[in-house]
């Protein structure tokens with residue numbers, strides 16, 4: 001079993017590529033390079049990043065990248081199709097989403113004002129990921145793009161957010177949740193009643209009333225959420241979508257990769273391959289320095305270990321280590337061209 | 001730098017992803033164990049797939065790889081006084097949902113675990129999640145404190161925040177690499193942490209420094225070099241220029257050398273790193 005697909009094959013045939021990986025491996029830069037590479041190959045590509053540190057904007061030398069797609073192809077020599085970058089504002093996307101699926105406007109405003117909802121939408125990093133998936137649906141519906149590349153926020157459990165939609169749908173079946181939203185005076189089982197009393201004694205009265213209000217509001221959205229969950233899941237599992245793991249050239253991140261691979265399989269999502277970033281293998285001479293030498297050895301070992309774990313249907317791409325920080329669009333263009341000319 | 005670190009009970013080690021927080025926090029814990037014989041030292045990682053979950057002995061240290069469900073279960077037991085009730089509670093779907101979908105809640109439970117266990121040890125060194133996530137870990141405690149009314153959870157959250165804000169009890173170390181983005185992000189993280197807890201002044205550390213010789217050269221290198229020697233030369237030049245980002249802003253920082261990485265499958269030379277730390281502490 002050896003990976004036999006090329007990264008170009010992937011970029012030419014897919015409609016959605018989700019890049020995942022541990023923090024600090026260069027996921028955002030890699031995602032942007034892939035989108036540019038796709039545009040060099042003639043596909044209209046957009047890269048979506050949920051990067052709160054605005055690293056994409058600084059990597060691209062574009063401080064204006066924001067909620068709507070910003071075209072970057074005019075600055076990429078050789079681009080044969082449109083290429084854009086997009087950084088959705090989580091809170092804004094969330095509000096748009098809530099208004100879109102609300103049965104009526106007053107219900108949307110009610111949930112948007114709930115303090116628990118505000119914690120959910122602002123603080124929870126999963127909101128960013130969920131909203132990114134949301135954004136992808138609207139980009140796909142627009143028909144303006146051939147390929148969407150989604151750069152997920154760094155996370156140790158990068159797979160976790162993919163479970164969120166399904167869990168959200170299951171939630172409506174939960175006995176405890178139904179008990180929370182039951183009309184006053186309705187009978188519930190002794191066990192459920194006890195749990196609710198405990199929750200109240202621990203978290204206080206105010207918290208409980210917010211929770212009841214929040215959960216009731218959620219039920220108003222049940223239909224919209226369920227439809228959405230089905231659509232997102234179908235999109236992610238379709239033959240035109242897949243996941244790409246981005247990693248540093250060291251076996252230290254192997255446990256993270258194995259957990260990711262298992263998580264994807266469990267949820268029937270397809271792993272398209274691995275992109276190893278900051279590799280030294282392309283450099284002419286070796287053994288100039290003990291540290292460099294050791295790094296090259298580790299890189300070779302990692303690549304070999306990955307080859308063993310990938311199938312002919314998957315790809316193993318190498319991106320080069322560079323001399324300095326990438327902070328211009330031209331740098332990304334250079335790397336995108338390098339990716340093809342090996 | 002970092003002179004005051006080690007007298008506090010809790011040391012938070014944070015920074016951008018991939019800068020070596022795990023190795024540095026481990027080395028710090030080892031160093032404390034070595035310089036304070038007889039003291040109980042705990043190194044804490046959060047849901048790190050490289051380690052088995054739970055508490056174990058690790059040489060001179062104790063190591064806790066804290067997991068969400070176990071931590072939640074223990075906390076629920078503590079508050080409810082019954083294991084049966086606690087497990088019914090923690091296994092209900094609403095808990096699973098909150099845990100998966102609202103990492104804010106997950107973070108609250110994880111950092112709460114570290115806070116709970118602190119009384120069993122003399123020093124705790126925490127390998128914090130990457131930048132943004134590290135901030136949400138503290139921010140979620142603040143948010144949930146606001147959402148809770150009056151009750152035991154609110155009291156615990158209050159006490160946690162009081163501990164984290166105390167410079168007598170907590171120290172904060174920010175790790176970066178000698179590259180532009182980690183240095184800039186590290187500095188921003190330090191400022192944001194200090195905005196949350198003004199009295200805990202962050203300490204800074206640059207990890208994996210090649211070897212800075214002479215002043216930074218102004219010339220900009222080709223992005224993609226041809227040979228390894230060329231890469232190394234420009235890395236070293238860039239490094240000096242990058243570290244200047246901190247020096248120019250008056251940031252006091254320590255440095256750790258880039259150690260030769262061991263062959264695949266062999267753990268990082270944490271002991272050696274701990275030895276190099278002593279020079280700074």
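The values are calculated or read from the model by the stated rules, or taken from the named source; none is laboratory data. Small disclaimer: the values here were computed from a predicted structure and weren't measured. Every residue, glycine as well, gets a Cβ built from its backbone with ideal geometry; the counts of neighbours run over all protein chains shown.
List of remarks:
- Considering residues of region B:246-279 that are within 22 Å of the chain's Cα centre (by Cα) and within 13 Å of chain A (Cβ to nearest Cβ) only, the residue surrounded by the fewest Cβ atoms within 10 Å (Cβ to Cβ): B:267
- For region B:35-66, the set of residues classified as more than 16 Å from residue B:125 (Cα to Cα) and touching a helix residue (DSSP H, G or I) at 6+ places or on another chain (Cβ under 8 Å) consists of B:49, B:50, B:53, listed by residue number.
- Residue in region A:224-255 that is nearest to the chain's Cα centre (by Cα), counting only those that are assigned to a loop (DSSP other than H, G, I, E, B) and within 14 Å of chain B (Cβ to nearest Cβ): A:248
- Scope region B:48-71; condition within 14 Å of chain A (Cβ to nearest Cβ) and either assigned to a strand (DSSP E or B) or more than 13 Å from the chain's Cα centre (by Cα) (or both); matching residues: B:49, B:50, B:51, B:52, B:53, B:65, B:66, B:67, B:68, B:69
- For region A:271-324, the set of residues classified as more than 13 Å from chain B (Cβ to nearest Cβ), surrounded by fewer than 18 Cβ atoms within 10 Å (Cβ to Cβ) and assigned to a loop (DSSP other than H, G, I, E, B) consists of A:311, A:312, A:313, listed by residue number.
Here is a yes/no grid of residues against (1) touching a residue at least 60 places away in the same chain (Cβ under 8 Å); (2) more than 10 Å from every other protein chain (Cβ to nearest Cβ); (3) closer than 21 Å to residue B:194 by Cβ:
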{"position": "B:109", "(1), (2), (3)": "no, yes, no"}
{"position": "B:127", "(1), (2), (3)": "yes, yes, yes"}
{"position": "B:135", "(1), (2), (3)": "yes, no, yes"}
{"position": "B:140", "(1), (2), (3)": "no, no, yes"}
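- Residues (in contact with a helix residue (DSSP H, G or I) (Cβ under 8 Å, 6 or more places away or on another chain) and not in a helix (DSSP H, G or I)) located in region B:256-281: B:256, B:257, B:258, B:259, B:260, B:261, B:262, B:263, B:264, B:265, B:268, B:281
- When residues of region A:195-223 are limited to those that are within 8 Å of chain B (Cβ to nearest Cβ) and surrounded by fewer than 16 Cβ atoms within 10 Å (Cβ to Cβ), the one modelled with the highest pLDDT: A:201
- All positions within region A:237-259 that are at pLDDT 90 or above, crowded, with 20+ Cβ neighbours inside 10 Å and farther than 20 Å from residue A:321 by Cα: A:241, A:242, A:243, A:257
- Among the residues making up region B:209-225, those that are modelled with pLDDT of 85 or more and facing chain A (nearest Cβ under 9 Å) are B:223, B:224, B:225.
- Residues that are outside any helix (DSSP H, G or I), in contact with a strand residue (DSSP E or B) (Cβ under 7 Å, 6 or more places away or on another chain), modelled with pLDDT of 75 or more and surrounded by fewer than 19 Cβ atoms within 10 Å (Cβ to Cβ) occur in region A:82-104; there is at least one.
- Candidates B:175, B:125, B:101, B:109, filtered to the one that is in contact with a helix residue (DSSP H, G or I) (Cβ under 8 Å, 6 or more places away or on another chain), surrounded by 22 or more Cβ atoms within 10 Å (Cβ to Cβ) and at pLDDT below 80: B:101
- Test result for residue B:135, closer than 20 Å to residue B:29 by Cα and either under 16 Å from the mean Cα position of the chain (by Cα) or part of a helix (DSSP H, G or I) (or both): no
- Of the residues examined, residue B:197 is one that is away from chain A (no Cβ under 14 Å) and either under 17 Å from the mean Cα position of the chain (by Cα) or modelled with pLDDT under 95 (or both).
- Here residue A:258 passes the criteria (1) within 14 Å of chain B (Cβ to nearest Cβ); (2) not in a helix (DSSP H, G or I) except the one numbered (2).
- Condition check for residue B:13: surrounded by 16 or more Cβ atoms within 10 Å (Cβ to Cβ) and assigned to a loop (DSSP other than H, G, I, E, B): no
- From the list B:20, B:15, B:6, the one residue that fits, being at pLDDT below 90 and more than 15 Å from residue B:120 (Cα to Cα), is B:6.
- Residue in region B:153-163 that is under 27 Å from residue A:325 (Cα atoms), in a helix (DSSP H, G or I), within 12 Å of chain A (Cβ to nearest Cβ) and touching a helix residue (DSSP H, G or I) at 6+ places or on another chain (Cβ under 9 Å) present: no
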